[in-house]
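Remarks on the structure that follows.
None of the figures in this text is laboratory data; all of them are computed from the coordinates on show. Remember, predicted model here, so these are calculated numbers, not experimental data. We place every Cβ from the backbone using ideal geometry, glycine too, and count neighbours over all the protein chains shown.
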Amino acid sequence: MKIRNYLLVLLLILACNQESKAQSNSKLYSQTIRGTIIDHETKQGLVGANIVILNSDPFEGAASDMDGNFILKQVSIGRISIHISCLGYEAKTIANIEIGSAKEVVLKIELIESLTHIEEVTVHPKTARHETLNKMATVSGQAFTVEETSRYSGSLNDPARMVSGYAGVSGDGEGSNEIIVRGNSPKGIQWRMEGIEIPNPNHFADEGSTGGAINALNSSMLSNSDFFTGAFTAEYGNAYSGIFDINLRSGNNSKHENTFGFSTYGIDFTVEGPLKKNYSGAYLANYRYSSLELLDNIGLVDFDGVPKYQDGSFKIVLPTQKAGKFTLFGLLGKSNILAKEENDEETITLGEYIVNSDLTVIGISNLLPIGKKSYLKNTMAYSATNTQNESRILGDDNTMFVALNEKYQHNYFKYVSTFNTKLNAKNSVKAGIEYTRLGFDIKSVNDFKNTGAFTTDVNSEGKSHLFQSFVNWKYRITSDFTVVSGVHASYFKLNNDYTIEPRVGLKYQFLSNQSFSFGFGMHSKTESLSTYFVQLHDNENNTYTPNKNLKMSKAIHYVLGYNNQLNRNLHLKAEVYYQDLYDVAVENDPNSKIVLQDIKEGLADFDFVNKGTGKNYGLELSLERFFHNDFYYLLTGSLYESKFTALDGIERNSRYNGNYAANLLIGKEYKVGRNDQNRIGLNGKITFRGGQYYTPVDLAKSQEAGETVYLANSEFSKQGDDLFILNASFSYKVNRKKTQHEFKIDIKNASNNKAKILERYNEATHKIEDGKQLSLLPTLQYILYF
């Protein structure tokens, strides 16, 4: 592989962007900070808010205008913290805003009305920087920033990989970015974008999974977002494990700006700017193309199985005078890969595996203020996924034959309407309805023995409907005690299944820096559509579909939390939780151990009934030093158990019961260059976690069947090796007058640990292979902001 040519290109790009000594300028570069201050509940602008840059000398500050807009000009580049205060509202501090020389910083800041209506002006208000953007949430939530997504080692600018460092969250040892929360199946995760549920936004995603090799959501498009691990508020439905609530940022509405990125993963362009002069509307768009595919096309790499993909996303903001604010948004993705299995001499192709997938999300929303204390938001979106898999195997006659052919096409039309009103400073109510039309065309056939006749596992097309509604009531009894209660209801038309789910959350600030919180909630989720239409054959070879009436899987969450702001920059968080799972889908066999939630991906071709149970319980600790004086760390630890009981009545470990997980994320920045305007960043992540359980392969029966056959009565009976993962990254940021350059090296599994995590049968070689954790993987990245 001619990878040295690739490295040389990157180094030349970096070298060419260094300013010559003859043209060096000792002047400090500066940038503009702009934004809007709004009421958290009503989303309307706040006039007269004071915005101050902390520790600025000379003093730098501004006030918001009639629409809540503010501007700070000629702010020195580097990292700053700003303090926002407004009469009648709780003050807020936003720390470690990174200021670069190329792009303006655009902020949207939400303030909460004070119960006392008297806000003491203080340089360091007691507002925690770890709190979620959704103020209805009281437990098991974490806000994250785009800057953290790019800074944390091993995240690869992917929010799904970044959250694996949080307490109670782990990833997949093979390198997929699947999210395992508190021992639950990744299937229980829900992805949301711009307030609406979306399909799995990953390239090379399999049916029934919520992860993949590469996220199609580019970090350059993201705004600050929320991640929830349990006891969600009533507005979140159709999930029992976790919620990834992603927000796209709005483009700069006063200046055209661009970003070019070149990395091992892809080449991408981001453009943004105002739609026209004297109009506050803006556009933002990104396009990415697989760099490995490009290098393959020009002959710089020459290996089989090159992952080829491209994706794009956009957001267009269209404010109006009387009809509120319209927003157009979208996410598009396309990927394919051809992987080959060859003999040891690499002279004979034993098998070929082809994967093609497409992703589409297109939506429009309208945020309409109603009076001074309410707003109505309506969103319509169309989304679709199309995955086609084909496996070819070398037959006894030395010709390739098709052993497996799968097609999974899904399309969704969604309409969501939410109404929010602030009755007074103590009470606010949010209610909404959601309608989803689900269209599907799914088919899976196989002929592993090369008989010439395919066996049909599923073959169905049609549509169904999912209706959801919710109401949330937030009651701030005092400034230190808040109660959030609500209910979520769902109705699945396919089999007339419905749920009514009460939720409640409490938060009590018993000291100025310490609080207790509690969360309770009932949660449910529909299964993958293919599961409902699986076709099985009885003893007389008659076809039947046993899962048409399968109910939603359900869970009751209990969470008790404790937060302690030890000092301005050090935060301790602890949570204990218990999850009672019921109506769990298990195989309809009194001797079976099979649980649907343990099936990681692909078609779940079993006869299921909702008679299984499960439980998850554990303790989570987090100690976080916020980024201050160019240094940060995050130490997290989890002890947990995850169990299932199938029809045989025996409680067993779930597939994802790793028992423990621990992470240390640490980083330091150094100011370098003339006037300390450039930065070197060193970041690392160390992970220890228990192995997942897997089912051993029955070699003899697999060879006879021509496909993987697992040992009978041994489902998830063996545990993989414990994982040790060391990630390390180095970054260098160079500021110039109108441009900023960033070069980054990120190494995953730097120690090249090779833990065994599973077994698999290779249909081409007719042997059992050990699946190892993802090996050492260096990634390179260059970004130009201009």
request  = For the chain, find the longest principal axis of its Cα atoms and tell me its angle to the long axis of helix 3-16, 0 to 90°, nearest 10.
outcome  = 10 degrees
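Per DSSP helix of 4 or more residues, -39500 (n - 2.57); summed, then divided by the residues of the chain. What does that give at 222 nm, rounded to the nearest 500? Working shown, then result.
Details: 6 runs with 42 residues, N = 786.
When only DSSP H runs of four or more count, the value is -1500 deg cm²/dmol.
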remark   = Unit-weight point scatterers at every alpha-carbon of region 341-423, Debye formula, q = 0.13, 0.21, 0.23 1/Å: log10 I(q)/I(0) is -0.64, -0.95, -1.02
Sites Asn567 and Leu619, calculated FRET efficiency, Cβ-Cβ separation with R0 35 Å, nearest 0.05 = 0.90
query = If you build the Cα gyration tensor of region 416-512 and take the root of 5 times each eigenvalue, what three semi-axes come out, in whole angstrom, biggest first?
reply = 48, 17, 10
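Calculated FRET efficiency, Thr779 and Ala574, Cβ-Cβ r, R0 41 Å, to nearest 0.05?
Working: r = 34 Å, r/R0 = 0.83.
Computed FRET efficiency for Thr779 and Ala574 comes out at 0.75.
Among Tyr491, Tyr656, rank each residue by its count of other Cβ atoms within 10 Å, from fewest to most, as a rough exposure measure.
Numbers: Tyr491 14, Tyr656 26.
Fewest-to-most ranking of Tyr491, Tyr656: Tyr491, Tyr656.
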ask   = Mean separation of Cα pairs under 8 Å and 6+ residues apart, divided by the residue count of the chain: what relative contact order is that in percent?
value = 11 percent
request  = Would you please name the chymotrypsin sites (Phe, Trp or Tyr not before Pro) within region 242-298 that are DSSP coil residues with at most 15 other C-beta atoms within 10 Å of their C-beta?
outcome  = Tyr279
Between region 664-698 and region 630-646, the alpha-carbon center distance in angstrom = 17 Å
inquiry  = So for region 487-623, considering every pair of alpha-carbon atoms, how many percent are separated by more than 21 Å?
reply    = 56 percent
ask   = Among the aspartates and glutamates, which fall within straight-line cross-link reach of Lys493, defined as a Cα-Cα distance under 15 Å, with same-chain neighbours fewer than 8 residues apart omitted?
value = Glu434, Glu527
request  = Using only the C-alpha atoms of region 643-786, find the volume of their convex hull and express it per residue in Å³.
outcome  = 156 Å³
query = With each pseudo-label sitting 7 Å past Cα toward Cβ, what's the Tyr670-Asn427 distance in nm, one decimal?
reply = 6.0 nm
message = Order these by the 10 Å Cβ neighbour count, fewest first: Glu707, Glu769, Glu178.
response = Glu769, Glu707, Glu178
key: Solvent-free Debye scattering, log10 I(q)/I(0), computed from the Cα coordinates of region 245-785 at q = 0.09 Å⁻¹   = -0.96
ask   = Given Lys701/Lys772; Lys507/Lys573; Lys463/Lys600, which pairs have Cα atoms separated by over 18 Å?
value = Lys701/Lys772; Lys463/Lys600
inquiry  = If I model region 248-361 as equal point scatterers sitting on the Cα atoms and use the Debye formula, what is log10 I(q)/I(0) at q = 0.13, 0.19, 0.20 Å⁻¹?
reply    = -0.65, -1.00, -1.06
message = Restricting the calculation to Cα positions, tell me the Rg (one decimal) and the Dmax (whole number) of region 242-310 in Å.
response = 16.8, 53
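If R0 is 30 Å, what FRET efficiency do you get for His465 and Ala323 from their C-beta distance, rounded to 0.05? Mind showing how you got there, number by number?
Working: r = 29 Å, r/R0 = 0.97.
Computed FRET efficiency for His465 and Ala323 comes out at 0.55.
Which value, in Å to one decimal place, does the Kirkwood hydrodynamic radius take for region 84-229 when every pair of different Cα atoms is included? Display every interim value, and only then the final one.
Details: mean 1/r = 0.0578 Å⁻¹.
Here the Kirkwood hydrodynamic radius works out to 17.3 Å.
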inquiry  = On a straight-distance basis, which aspartates and glutamates could pair with Lys615 in a cross-link, Cα separation under 17 angstrom, same-chain partners fewer than 8 positions away excluded?
reply    = Glu575, Asp580, Asp583, Asp598, Glu641, Asp648, Glu651
ask   = By count of other Cβ within 10 Å, fewest leading, how are Met522, Met400 ordered?
value = Met400, Met522
Percent of C-alpha pairs per 5 Å bin, region 24-127, short to long = 3, 13, 23, 24, 18, 11, 5, 2, 1, 1, 0
